[in-house]
Structures are given as structure tokens and as C-alpha cells.
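Comments concern the structure below.
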Amino acid sequence: MSMRRRRLPLLLATLWAAAVTTPAAAAAPSDPAPVLPPTLVVSAHRGGSGYAPENTMTAYRNAVRIGADQLETDTQLTSDGKLVLIHDASLDRTTDCTGNVQDLTLVQVQACDAGYWWTPGQGTTVVDVTPPHPLRATGIHVPEARELFDYVASLGGPDTHSISIEIKDIPGEANFDPTGMHTAAVLVPLIKASGLKARTTIVQSFYPPALTYVRSLDPDIKTQLLTVGAASPYLAYGVVGGEDIVSPDSTSPDLTTQFVTAAHTVGKQVIPYTPDTRAALTSTGRKGVDGEITNFPACLLELEGRAHPVQLLPAASLAAGSGPVPTCASEAPPTTAAMSEIGWPAALLPVGLIGGLAYVGRRRPATRAAR
Ligand code: G3P
């Protein structure tokens, strides 16, 4: 029996103890002026897509200007093996081009206008293509991953910005890679060459084998497991896989103070994605998480009592005549996040953890066994 297998009962007992001994969280007060700890990591989702076109250098420079701690991004491989920063497998949603990134060369991808569909103040996860689109034809392109690394490196030694870069390996998508290796094989050498590792370059994915492969190539790179739906079963994946951070959807019904305590007990940070309103960022932050990934990083900075510039848009948008944008996304109707402190956790956390550990024990990826 491997060391990791022998540790499973101990881990399970630890997680269970954390789940059952943590007192139930009080309901979040409605208002006014909620305040979160200033230590919460402010992660700019796709560079902070409420203020600039997602996954572009315009967004990343803007996120640094605003004062975000972390630059969150996504990667896809072009047909000639170059790593570019784009969320979708296709160019359709975010550029004026159509087609899949994997079918086009870097030159072809970079000929597309990545500022074409962006509207000021509209987070990328909101589906609305209404005008204005002030950054059309202003030269904004899909960057190579190395452009982001070079930019952060250029900020100098004392700079503390981190990069959290997602390997987009999603079962069912056109370019799904069941080995989880293709993107990592390009990304990890890039990270090594960038010299940024000491400043924390994190690799994230929804697909555990991709993270396993990253760690096999370089055990020093931090990894972050993204999850959808109930968070608890995937905490088990994070434990067994050795990930540093777990990132549930902020609306997961079992993302609670108990879940966060259990994750901390086993040494995992919790950084959920992507609360965008003042209410959602506040309720998520009050669960004791270590950071939040948001399209509206200035909103989280405010909730933490940290300063940010009054003007949230990059200079290019101002030149194009954009008006002021809201700090936070407009408040949405109550979602499942509002239900998450009501009753779910005590039952779901241990059940989910047991189920998750059992599943991981049976279905461990081959690459993991080789480590
Ligand atoms: O960083 C987490 C977040 O990016 C996951 O969601 O859809 O933006 O990849 P998605």
C-alpha cells in the first residue's frame, strides 16, 4: 500500500472532525457597509473583465493599475503549438473572428480583434452583447502566455502580483485532451523560463490529471483545482492530488464556513470564483475564504477597505469615449449562494468527502500513480 493510500483514513477523520465540530455560521447581516479582511487575495478574473476586454494585456495592465493581487487567465493551444490567453475553445464570443483556436496558427489568432465585443462595466460572465463597444479596432489582440509572463516579470523584483493560469481541458469540448498533458507540456517550461515561480505562478484546471501532470513536471508549481456543483467531493480530490488551492463555484450549496474550515484543516486554501456583486463578494468573503476571483476586482478592494483609482477603465477606453463604470456588477436576485448557510453543510460535507475519497481511490489517474 502506498504512503498516500495509508494516509486516507487519517485525512478522512480530520476532515470529518472539522465538519462536525465547527459551529454553524450566523446568517450574514444584510447591510450596511460590510467589511472583509484586507488579506483576502483579490484575483482579477480574466484580468477583470468588467473593466477591460477579458484575457488581454489591456486587462492585465489595468488590473495591476487598479491594485488587484492576482491576474487570473486561461490558456489554449494554437495549431502551431503556441500557448495563447483565451477562455473559449473558439474565437467566436470574444473576437471578430470565428473558428477554433486549435485549428488556427498564432498569426491567424492574433489577427483577430479581442476588444471587439467588450462593453464597459459588463462582466464577461454576463451574456449581453449590447453596445457600446468602445475598444473595437484599437489593436487589442489575443496575447501569447509569454506576453503576460514578460509583463509581470517587467514589474520588477519587489512586485508581488501572482498569476493564476488555467489549463482549459474540459471533457466534451472540441479540444479536450484526456491525457491532460498537451498544454502542461508547453506551459511548464514557459513558467520555468519566466523566472516568476518565486512570485507564485499557479496552474489551475477543472481536470485533475492536467494538474497531476504539471506537478510531475515541476513539483514546486502551485496547483489549484476548480470545481463545479457541490464542493465537498472535490476537496477529497484536492487532498489526494496534492493541490494547494481548491476553487469552488461561489454558488456551490456546500461552500460554507464549515467547508472552508475543513479545507484549511488539511492545508488547502479556498479561492472561489466568480462573485461579482457587492452582496456575493461579501457573503463569500465572510465564509473565511483566502481570496475571491472576480470580474470586478475594485469591488472586492473596496469591501476590504483597500484603495483603488477612481477611474476603473484603462486609458484606451477613456480615449474611446467611455463613461464611468460601476465598481461592482449590478446586484442580481438571490441565488443559491444565499442558501448556502442553511442546513446543507452538516449533511453534505461528510457525505461528499466520503464519496469523493471512495471515488478517487477507485479512479486514480495513471499519471498520479507514477509519481
Ligand atoms: O479561475 C476560475 C474561473 O476562471 C473558472 O471559471 O469559466 O472562467 O474558467 P471559468
Surrounded by fewer than 23 Cβ atoms within 10 Å (Cβ to Cβ) and away from the ligand (no atom under 16 Å from the Cβ): does that describe residue 216? yes
Go over the candidates 152, 64, 142, 84 one by one and state the one that is touching a strand residue (DSSP E or B) at 6+ places or on another chain (Cβ under 8 Å), assigned to a loop (DSSP other than H, G, I, E, B) and aliphatic (A, V, I, L, M). 142
Which residues, counting only those in segment 285-296, are closer than 9 Å to residue 42 by Cα and in contact with a helix residue (DSSP H, G or I) (Cβ under 6 Å, 6 or more places away or on another chain)? 292, 293, 294
Anything in segment 238-285 that is of a type in the set (S, T, N, Q) and either under 28 Å from residue 220 (Cα atoms) or not in a helix (DSSP H, G or I) (or both)? List them, or say none. 247, 250, 251, 252, 256, 261, 265, 269, 274, 277
Tally up the residues in segment 189-213 that are more than 13 Å from the ligand (Cβ to nearest atom), closer than 16 Å to residue 71 by Cα and not charged (D, E, K, R), please. 6
Count - residues of segment 222-243 that are closer than 26 Å to residue 155 by Cα and either more than 16 Å from the ligand (Cβ to nearest atom) or buried (at least 21 other Cβ atoms within 10 Å of the Cβ) (or both): 2
So which of 119, 124, 75, 130 is closer than 22 Å to residue 299 by Cβ, of a type in the set (Val, Ile, Thr) and within 16 Å of the ligand (Cβ to nearest atom)? 124
In segment 150-195, the residues that are under 20 Å from residue 54 (Cβ atoms), at pLDDT below 95 and surrounded by 17 or more Cβ atoms within 10 Å (Cβ to Cβ): 168, 169, 175
Kindly check whether there is at least one residue in segment 103-113 that is in contact with a helix residue (DSSP H, G or I) (Cβ under 7 Å, 6 or more places away or on another chain) and over 28 Å from residue 299 (Cα atoms). yes
Only one of 262, 315 is of a type in the set (Gly, Ala, Ser), over 16 Å from residue 35 (Cβ atoms) and without any contact (Cβ under 8 Å) to a residue 12 or more places away in the chain; which? 315
With (1) more than 15 Å from residue 53 (Cβ to Cβ); (2) surrounded by 23 or more Cβ atoms within 10 Å (Cβ to Cβ); (3) of a type in the set (A, V, I, L, M, F, W, C) as the list, and residue 312 as the residue in question, which single condition is left unmet? (1)
Looking at (1) under 17 Å from the mean Cα position of the chain (by Cα); (2) away from the ligand (no atom under 16 Å from the Cβ), which is the only condition residue 65 fails? (1)
Would you mind finding the one in 113, 88 that is more than 16 Å from residue 148 (Cβ to Cβ), more than 16 Å from the ligand (Cβ to nearest atom) and among the charged types (D, E, K, R)? 113
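The values are calculated or read from the model by the stated rules, or taken from the named source; none is laboratory data. The model shown is predicted, which means the values in this text are computed figures rather than measured ones. Neighbour counts run over all protein chains shown; Cβ positions are idealised from the backbone, glycine included.
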